[in-house]
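Every number in this text was worked out from the coordinates using simple rules, so none of it is lab data. Since we're looking at a predicted model, the values are computed, not measured. Here the Cβ is made from the backbone with ideal geometry for all residues, glycine too, and neighbour counts use every protein chain on show.
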C-alpha cells in the first residue's frame with residue numbers, strides 16, 4: 001500500500017527477489033499530471049539513501065538529477081554570510097526534487113517483471129485476519145475487495161494500514177506536533193537560468209526561534225521553506241496582510257527578499273504545513289503485515305533524514321530476506337521491526353534536536369568555533385572521533401542509535417573542552433590536548 | 001457524553017450551577033441490570049475524590065459504603081506479613097465498589113433539576129463546527145441528531161469525543177500500553193460473612209516483576225487483581241491449563257490460595273484487561289467542547305488516582321466557573337486545560353512509578369526502613385517534610401505536579417541519607433541529623 005518514495009523503492013527490492021507485487025496508491029499517478037500535483041518540496045538525499053538506491057542499481061540514474069550541497073551557508077540579519085562544511089573533502093548531501101525522484105522510481109518499478117501499480121485506490125477497510133483489502137476507486141467510486149499474501153504498509157505518515165493495526169489491542173501510538181508550521185516559497189532563477197545564491201549549498205537564515213532554508217533546483221531557482229511559529233509575536237497568526245509579510249521579510253531576510261518576486265502571493269496561496277513526529281508499535285501483524293517508512297516512523301525534516309530512513313528500511317528488509325529467505329516471514333518481519341525501532345526512535349530525537357541547531361545554534365560564533373575544534377579532533381584522531389552530523393549523514397553502516405549515542409558522548413567531552421578555548425589556536429594547548437586524549 | 005463516575009459527578013456540579021444537562025451514555029443503565037453488567041472492580045477513593053464529592057454535598061452518603069484502608073499489608077512468598085501505614089493517625093484510603101458508586105451518583109444526578117440521562121446512546125459522529133451529536137440508539141438501531149450548546153467529553157479512555165477532536169489538525173496524542181495485563185479474582189468471605197484477611201487494609205503480594213493486590217468488600221469478600229506480564233516465563237501466555245494456574249498460585253501466593261475457591265474458573269472466565277496511559281492535547285475545541293476524566297488523561301491504576309483525578313477535574317472546573325462565571329466559556333475551558341494538563345501528566349508519571357514500588361520495592365526491607373526514616377523526618381519537621389504518598393493522596397490542596405516535584409526533591413535527599421543508616425536508631429546520629437537539617 002503506497003507508491004510514494006519508500007513504496008516504489010520497496011517494490012523494486014521485492015521484484016528483484018522474484019516476487020510479484022501489486023501496488024495500490026491512494027493518489028493519482030504523479031507522472032500523468034506533471035509535477036504540479038505532487039509536492040514540490042526538495043529533499044536532501046544522503047548516504048543511507050544512496051546505499052538503498054545502489055542496492056537495486058539505480059543510484060547513478062538518480063545522481064544525474066541531484067545537486068550536491070557541500071556546506072551550510074548561514075545568512076544573518078545584516079546579510080553577512082558564514083559557512084559550515086557538511087563533511088570532509090567532497091562529502092555532500094544532494095538536493096533532489098521529491099516529485100522527480102518519485103516519478104523516476106515509479107518508472108523503474110513498473111518496468112520490473114510482475115509489478116502492477118494501481119493509482120486512485122483508497123484503502124477504506126482492512127480485514128487483518130482475512131487478509132483482504134477493501135479499496136475504493138477514486139475515479140468510479142466503486143469499492144472492490146482484494147486478497148493479499150503479505151501487505152507492506154508504505155502509505156505515509158497518515159497510513160491507513162497503521163490505522164487498522166491500531167484498532168487491534170495493545171498498540172502503542174503517539175503523534176506529537178511542533179508548534180511550528182512551514183511555508184514553501186520560491187527564490188527565483190536569474191534571468192539566464194543561473195543560481196542567484198551559491199548553488200552547491202544549503203542556505204539557512206537562522207533567527208533564534210524560527211528559520212528559513214533554501215535548497216537548489218536544476219533550473220536555477222531554489223525552494224525556500226520558512227519554519228515559523230503558528231502563534232506569537234513573529235508567527236503565521238501575526239502576518240495577516242500582504243504588507244505584514246513584505247515588512248517582516250524585508251526586516252528579517254533582507255538579502256532574500258529581492259530574489260523572491262512572488263513572495264506575498266505565494267505566502268497566502270501556499271498552504272501552511274504542519275510538522276509531526278509519529279511513533280507506533282508494533283509494526284507487524286503476525287507474518288502478514290509490515291509497516292515501513294513514514295507509516296512506521298514519521299519525523300520532522302530538520303536532519304534531512306525522513307526519506308533516507310525510509311530507504312534504509314528497504315536496505316535492512318532486503319538484508320534480512322537475503323539472510324533468512326522467504327520461508328519464515330514472521331521471523332523476518334519481527335526481526336526487521338526489532339532492529340529498526342530503536343534506530344528510527346533515535347532518528348526522531350535527532351531530527352527534533354537539529355531543529356534547535358539549525359534555527360538557533362548555527363548563528364552562534366561559539367557553536368561554529370566548537371564545530372571547527374571538532375573537525376580538528378576528527379583530523380587528529382581519524383576513526384576515533386567522527387562528528388555527529390557525519391555519523392548520521394555519511395556513515396550508512398553506523399546505525400542511527402549508535403550515531404546518537406556516540407554524538408552524546410562527544411558532546412559531553414566538548415562541554416569540558418570548550419571552556420578552555422577562546423580561539424582555534426587554543427586547541428594546540430597542552431591542557432586541551434591532554435583533556436582530549438584522556439577523554440577519547 | 002458519558003454517565004460514568006466523572007460524567008455523573010460533573011452533571012451534579014453543572015446542575016447545581018443551574019444548567020440544564022442532557023447526558024448521553026453508550027452503555028445501558030447499570031441500575032437496571034444489577035451490578036453484574038458493570039465492572040466489579042474496587043477503587044481507592046482518597047482525599048481529592050472526597051473533596052470533589054463534598055463540593056456537591058454527597059461525601060457523607062458515599063462514605064457509608066466505603067471501607068477505610070489504613071495500611072498496606074505485604075504478603076511474602078512464605079506467607080509472612082509486613083505493614084506500611086498509608087499516613088498518620090486515622091488517614092485512610094477507602095475501598096469502594098465502582099458499580100455502587102456509579103449508581104449512587106446517577107441517582108443523585110437524575111434527582112437534580114433539569115437533568116436527563118439517556119442510556120444506550122452511541123456517538124457515531126460529532127459535527128464540531130455545527131455543534132451536533134449523531135447518536136445511535138442501541139435498542140432500536142435508529143440514528144438521531146442532537147444539537148448542543150457545550151459538550152463535555154467524559155466518555156472514558158476510549159472517548160468518542162476525543163476521537164473527533166483528534167481528527168482536527170495538530171492534535172497531540174499518545175497511548176502507551178504496559179506489557180502487563182490484569183485479571184480480577186475473588187478472595188471469598190468467611191462462612192459468617194467475615195473478612196478472612198485484615199479488613200481495613202490494602203493487601204499486596206509483591207513478587208518483583210508482578211504483583212497481586214486485594215481490596216475489601218462490604219460482604220466480607222475481597223476483590224483481588226493479579227497484574228502479570230502478557231509474555232515470558234511467568235505470564236498469562238505461560239499459564240494455559242487450570243493445573244498451570246493452580247500450581248503457579250500455590251507456589252507464589254500460598255496464603256491466598258485457600259481463600260480463592262473459584263481461582264481456576266475465574267482465571268479463565270474473566271477477561272484479561274490491558275493497562276494504558278493516554279495523553280492528548282488540546283482538550284478543548286473553541287468554547288464548545290471540553291474533555292475531562294479518562295477521556296483527557298487515562299492512567300494506570302497503581303496509585304489509585306484515576307477516579308480521584310477525574311473527580312478533581314470537576315472541582316477545578318467548578319472553581320473556575322465560580323471565579324469567572326459562564327460569560328466566557330472559551331476562557332474557562334482554556335484555563336481548565338492549562339491548569340490541569342501538567343497535573344494529570346505528573347499523575348500519569350506517578351502511577352507508572354508506583355507500579356515498580358508496589359510490585360518490587362515494598363518487598364525490600366531497605367525500602368521499608370527508608371519509609372520509616374521518612375516518617376521520623378516528617379514527625380520532626382512537620383509541614384517541611386511530607387511523604388510523597390501523602391502529598392498525592394491526602395493533600396488535596398497540593399497539585400499533582402507540586403507533589404511529584406517535592407517527592408523527587410525528597411527522594412534525592414534520601415539517596416544521601418540512607419547510606420548513613422543501618423537501623424532506625426541511626427536516624428538519631430549527629431551525621432544524619434546534620435545532613436537532614438542542611439538538606440531541608
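Going by average Cβ density within 10 Å per residue, which order do the peptides A:5-17, A:405-417, A:52-64 take, highest to lowest? Working shown, then result.
Details: A:5-17: 24.2, A:405-417: 14.8, A:52-64: 16.6.
Answer by packing, highest mean first, reads A:5-17, A:52-64, A:405-417.
For the protein assembly as shown, what does the helix formula give at 222 nm: sum of -39500 (n - 2.57) over DSSP H segments with n ≥ 4, over the residue count, nearest 500 deg cm²/dmol? Each step should come with its number before you reach the end.
Working: 28 runs with 340 residues, N = 880.
Mean residue ellipticity, 222 nm, calculated: -12000 deg cm²/dmol.
Ascending distances from the residue B:188 label point to its copies in the other chains, with the point 7 Å along the Cα-to-beta-carbon line: 9.0 nm.
Each peptide in A:155-161, B:43-49 receives the mean, over its residues, of other Cβ atoms within 10 Å, and ordering these scores from highest gives B:43-49, A:155-161.
Relative contact order of the range B:364-439: 25 percent, from C-alpha pairs under 8 Å at least 6 residues apart in sequence. Between residue B:61 and residue B:28, the FRET efficiency from the beta-carbon distance, with R0 = 22 Å, is close to 0.40. Averaging Cα coordinates gives a centre for the range A:336-360 and one for the range B:90-143; these two points are 43 Å apart. The mean count of C-beta atoms from other chains within 10 Å of the C-beta of residues in A:167-179, rounded to a whole number, is 5. In the assembly of identical copies, residue B:107 has its label point, taken 7 Å from Cα in the direction of the beta carbon, separated from the corresponding points by 7.8 nm (ascending, one decimal).
Within the listed set B:344, B:82, B:140, the Gaussian network model of chain B (springs between alpha-carbon atoms below 10 Å) gives the highest mean-square fluctuation for B:140. Sorted from nearest, the other copies put their residue B:54 label points 7.2 nm away, the label point being 7 Å from Cα in the direction of Cβ.
Computed from the Kirkwood radius of its Cα pairs, the Stokes-Einstein diffusion coefficient for the range A:364-439 at 4 °C and 1.567 mPa s stands at 101 µm²/s. Helix B:306-324 and the long axis of chain B differ in direction by around 50°, with both axes built from C-alpha atoms. Across chain B, the mean sequence separation of Cα contacts (distance under 8 Å, 6 or more residues apart), normalised by length, yields a relative contact order of 18 percent.
When chain B is turned onto chain A, its residue with the beta carbon nearest the axis, and that distance in whole angstrom, is B:174, 2. Calculated FRET efficiency, residue B:79 to residue B:142, Cβ-Cβ distance, R0 = 45 Å: about 0.20 to the nearest 0.05. Look at the stretch B:381-387: the mean tally of other chain Cβ atoms within 10 Å of its residues' Cβ atoms is 0.
Between the range B:300-328 and the range A:187-243, what is the separation of their alpha carbon centroids in Å? Comparing the Cα centres of the range B:300-328 and the range A:187-243, I get a distance of 46 Å. Each Cα pair under 8 Å and six or more residues apart adds its separation to the average, and for the range A:185-280 the resulting relative contact order is 27 percent. Taking max minus min of the alpha-carbon positions on each principal axis, the range B:268-363 gives extents of 52, 30, 19 Å, largest first. Using the Kirkwood radius built from alpha carbon pairs, what does the Stokes-Einstein equation give as D for chain B at 25 °C and 0.890 mPa s, in µm² per second? Result for D is 105 µm²/s.
For the protein assembly as shown, the Kirkwood hydrodynamic radius comes to 31.1 Å, computed from all pairs of different C-alpha atoms.
Helix A:329-359 and the long axis of chain A differ in direction by around 30°, with both axes built from C-alpha atoms. Nearest 10 degrees is fine. How inclined is helix B:430-439 to the longest principal axis of chain B, computing both from alpha carbons? With both axes taken from Cα atoms, the answer is about 20 degrees.
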